[in-house]
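Q: For reference, the structure I am asking about is given below.
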Amino acid sequence: MSLDPGLVGRVSPPTPLVAVSRAQIAAFADAIGASDRVHHDAEIARSAGHADVVAPTTFPIVVAFAALEAFLADPEVGIELRNVVHAGQRFAATRPVTAGDVVSAVLRVESLRTIAGTDIIGTCTDITTAQGEHICTASATVAHRTPEPGT
């Protein structure tokens, strides 16, 4: 059964605030193979014009994923997590995340269409600081297929 088209326009509550640390940024950079020293060394980051160690461009997924995970796990949505495939991800940054930022995310469902029994859900997640400064919008596409009864 397809998901409720009324999900389009749904907005999640903000995720809990997350204080971004130098260690988190360095670990993320190491995990994705980002070797630029601005991800590890505050002096180098400052000399490059940043307030502190700067996160790789895809770091906001750490915060955006918490919002997406809460949406997918909501029983009112009707998604079975075991039947979800992450089909796409894009980031539009206003500025980079730096160590010391305290951030949160709000997800909104932008689109929902059904193709051959598979729901294609488009979301946008705005990541902002505790003061409300926009950092990034993470757009995600997930595919969900509800199994046929008895399978």
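Q: Kindly indicate whether C124 is closer than 20 Å to Q24 by Cβ and assigned to a strand (DSSP E or B). Give the steps one after another, and end with the answer.
A: Numbers: closer than 20 Å to Q24 by Cβ: no; assigned to a strand (DSSP E or B): yes.
No; evaluated as a whole, the condition is false for this residue.
Q: Still on this structure: Tally time: how many residues in the range 127-144 are buried (at least 16 other Cβ atoms within 10 Å of the Cβ) and farther than 16 Å from V20 by Cβ? Walk me through it before giving the result.
A: First pass over the range 127-144, keeping only residues buried (at least 16 other Cβ atoms within 10 Å of the Cβ): 127-129, 135-138, 140-142, 144.
Pick out the ones that are also farther than 16 Å from V20 by Cβ and you get 137, 140-142, 144.
Within the range 127-144, residues that are buried (at least 16 other Cβ atoms within 10 Å of the Cβ) and farther than 16 Å from V20 by Cβ number 5.
Q: Okay, next question. Would you mind stating whether A23 is surrounded by fewer than 18 Cβ atoms within 10 Å (Cβ to Cβ) and modelled with pLDDT of 95 or more? Please lay out each step first, then the result.
A: Details: surrounded by fewer than 18 Cβ atoms within 10 Å (Cβ to Cβ): yes; modelled with pLDDT of 95 or more: yes.
Against the criterion (surrounded by fewer than 18 Cβ atoms within 10 Å (Cβ to Cβ) and modelled with pLDDT of 95 or more), A23 qualifies.
Q: Okay, next question. Take the residues in the range 96-126 that are more than 13 Å from the chain's Cα centre (by Cα) and polar (S, T, N, Q), then tell me which one is surrounded by the most Cβ atoms within 10 Å (Cβ to Cβ).
A: If we take residues in the range 96-126 being more than 13 Å from the chain's Cα centre (by Cα) and polar (S, T, N, Q), then T98 is surrounded by the most Cβ atoms within 10 Å (Cβ to Cβ).
Q: What tally of residues in the range 79-95 results from selecting those that are within 21 Å of A29 (Cβ to Cβ) and exposed (fewer than 13 other Cβ atoms within 10 Å of the Cβ)? Step through it out loud before you land on a result.
A: Within the range 79-95, the subset within 21 Å of A29 (Cβ to Cβ) is 89-95.
Checking the rest, the ones that are also exposed (fewer than 13 other Cβ atoms within 10 Å of the Cβ) come to 90, 92, 94.
Counting residues in the range 79-95 that are within 21 Å of A29 (Cβ to Cβ) and exposed (fewer than 13 other Cβ atoms within 10 Å of the Cβ) gives 3.
Q: Looking for something farther than 24 Å from G132 by Cβ and crowded, with 19+ Cβ neighbours inside 10 Å - is there at least one such residue anywhere in the range 8-20? So that I can check it myself, show each step before the final result.
A: Taking the range 8-20 as the starting set, the residues that turn out to be farther than 24 Å from G132 by Cβ are 8.
When the remaining residues are screened for being crowded, with 19+ Cβ neighbours inside 10 Å, the result is none.
The answer is no, given that none of the residues of the range 8-20 is farther than 24 Å from G132 by Cβ and crowded, with 19+ Cβ neighbours inside 10 Å.
Q: Sticking with this one: When T57 is evaluated against the numbered criteria (1) surrounded by 12 or more Cβ atoms within 10 Å (Cβ to Cβ); (2) free of Cβ contacts under 8 Å to residues at least 60 places away in the same chain; (3) farther than 21 Å from G88 by Cα, which criterion, by number, is the only one it fails?
A: (3)
The values are calculated or read from the model by the stated rules, or taken from the named source; none is laboratory data. What you see is a predicted model; the values in this text were computed from it and never measured. Reconstructed Cβ throughout: ideal geometry from the backbone, glycine too, with neighbour counts over all protein chains shown.
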